[in-house]
1. What is the residue count in region 59-118 for residues that are assigned to a loop (DSSP other than H, G, I, E, B) and within 18 Å of the chain's Cα centre (by Cα)?
2. If you scan region 127-148, which residues turn out to be part of a strand (DSSP E or B) and not hydrophobic (A, V, I, L, M, F, W, C)?
3. How many residues are over 12 Å from Val74 (Cβ atoms) and either small (Gly, Ala, Ser) or surrounded by 14 or more Cβ atoms within 10 Å (Cβ to Cβ) (or both) when one looks only at region 95-112?
4. Quick check on region 149-169. Is at least one of its residues farther than 22 Å from Tyr103 by Cβ, among the β-branched types (Val, Ile, Thr) and either assigned to a loop (DSSP other than H, G, I, E, B) or without any contact (Cβ under 8 Å) to a residue 24 or more places away in the chain (or both)?
5. How many of the residues making up region 6-53 are in a helix (DSSP H, G or I) and at pLDDT 90 or above?
6. Would you be able to tell me the number of residues in region 113-144 that are more than 13 Å from Val74 (Cβ to Cβ) and surrounded by 14 or more Cβ atoms within 10 Å (Cβ to Cβ)?
Amino acid sequence: MKRAAGVIALSLIAHSCATTHYARRPEADRSAHVLVTSIRLGMTLEDVVRSVIESRLPYQFASLSSAAPSGDTVSIILHAGEHLATIGRTQVYAGGFASLQLYSRAETRLTSYGFQRQGLLLAAVEARAKELLAYPQFTLTFDAKVEGGCGDSRLSLAFDTGGHLSEIGQVEEDVCAS
């Protein structure tokens with residue numbers, strides 16, 4: 001009898017966990033809003049990337065990307081162990097801390113650099129700042145699902161010709177469908 005009651009209690013707990021929707025984090029605790037309070041005009045790209053690293057939650061995907069009208073793109077990606085590909089029966093997940101991805105449409109070539117450690121990423125961002133800032137309009141994206149939201153939180157950033165942050169946009173958040 002005790003065992004049956006325990007099984008019933010355990011199944012009720014499991015069922016309630018599976019159907020519970022957690023409340024969204026308060027706005028001030030969401031990564032994009034934390035970032036906005038920590039960045040300032042005049043910061044370098046490396047400073048902004050460091051602030052993104054410090055603002056995101058554990059296992060939260062974040063991406064700082066820019067694109068040229070030609071279709072070339074630059075992405076600085078902070079991985080969250082996300083699924084990257086399926087090759088045959090093998091699932092491939094991001095194993096590194098972060099990556100820089102530079103895509104040239106004219107050459108139809110993607111160049112990617114992976115980093116296991118924060119310091120190595122920041123050193124690469126500093127060393128490649130001119131290349132990464134070829135398209136000064138950036139979109140910063142945080143995955144809002146780990147914060148109890150839907151989709152992403154986005155923020156536009158712009159850098160001047162000297163490589164310093166010149167514009168900080170408003171945080172835009174995807175709204176959950178009811």
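1. 13
2. Once the filter is applied, which keeps residues that are part of a strand (DSSP E or B) and not hydrophobic (A, V, I, L, M, F, W, C), region 127-148 yields Gln137, Thr139, Thr141, Asp143.
3. Summing the residues that are over 12 Å from Val74 (Cβ atoms) and either small (Gly, Ala, Ser) or surrounded by 14 or more Cβ atoms within 10 Å (Cβ to Cβ) (or both) in region 95-112 gives 5.
4. Scanning region 149-169, I find at least one residue that is farther than 22 Å from Tyr103 by Cβ, among the β-branched types (Val, Ile, Thr) and either assigned to a loop (DSSP other than H, G, I, E, B) or without any contact (Cβ under 8 Å) to a residue 24 or more places away in the chain (or both), so the answer is yes.
5. Total meeting the criteria: 17.
6. Number of matching residues: 11.
The values are calculated or read from the model by the stated rules, or taken from the named source; none is laboratory data. These numbers were taken from a predicted model, which means no experiment stands behind them. Heads up, the Cβs are rebuilt from the backbone with ideal geometry, glycines too, and the neighbour counts pull from every protein chain shown.
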